[in-house]
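Here the structure is laid out as structure tokens; the discussion comes afterwards.
All of the numbers you see were taken from the coordinates with simple rules; none came from a lab. Since the model is a prediction, treat every value here as computed from it, not as a measurement. Ideal geometry is used to build each Cβ from the backbone, glycine not excepted, and the neighbour counts take in all protein chains shown.
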Amino acid sequence: MKRVLLFIATNLAVMLVLGLVTSLLGVNKFLSANGLNLGALLVFAGVIGFGGAFISLWMSKPMAKWSTGARVIETPASSTEYWLLETVGRLADKAGLPMPEVAIYEGEPNAFATGATKNSSLVAVSTGLLAGMTREEAEAVLAHEVAHIANGDMVTLTLIQGVVNTFVVFLSRVVGYLVDSFLRRGEENSGPGIGYMVTSMVCEIVFGILASIIVMYFSRQREFRADAGAAHLLGSPRPMIGALRRLGSLHTEPLPQNMATAGIAGGGGMMALFASHPPLEQRIAALEGR
């Protein structure tokens, strides 16, 4: 439950901050002072919703490096680092991508890909994954991450997040305006009251939780596509199946919450609707059905 709350808080944080700034600048009051202007409100919601999502996207790579302590491999210092660079380069070339940055970080088995564009991407793998997997299994994980980049998954999820953020901001303010109008019926209209502010804030939290279910559904679907992409890059689904089975036997540690959707490891459980990754069993079954 803690991971769910942290995820929701992460997605709402930028929206709330931007909302506070616009409130201080008087934008919210301007929109509702003389009646609700739905067109202006939709534009406002779009700026807030997509603004937060794209700020997160643009900051994704430096934040990933900072939060995991990932060290980008500039010059290989060992045979493992040389193998990592060679493998990622070969997979990227096969996928028609420019060479991503390749990094290693200390931690339990996991890996991730991030970056704002295909030309500015990062593939990082943990020391725990390299120690706990065979080269074939680790190569499959790298292929999975390269497939994420090739599929444009970081941008796709950002666009989806932006859309749902927009509707969260828009609907919460519409409901807030209606509740405030009902509570203040018969009074002289002098701008939004306390009912508007409280209702909008509560609705933004509730709608944000519901919106995260939609975003996580698309996140789970992109994992299936990345698994399939890895199978295509490697010419067979067997290495990816082996890597997923190995992950199931290893103790994995979640990535920092701001990038939980980027990792190879994740799963369902009691909060499956909020899970960024499908259960490993479902991913394996999907590959076996190819």
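Here are the numbers for this structure:
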item: For segment 90-243, convex hull volume per residue from C-alpha positions, Å³; result: 130
item: Estimated inter-spin distance, ARG185 and SER79, nm [label 7 Å along Cα→Cβ]; result: 8.0
item: Inverse of mean 1/r across different Cα pairs in segment 36-166, Kirkwood, Å; result: 15.8
item: For ALA103, distant residues with modelled amide H under 5 Å away; result: ILE73, VAL123, ALA124, VAL125
item: R0 of 30 Å, Cβ-Cβ distance GLU106-ILE55: FRET efficiency to nearest 0.05; result: 0.60
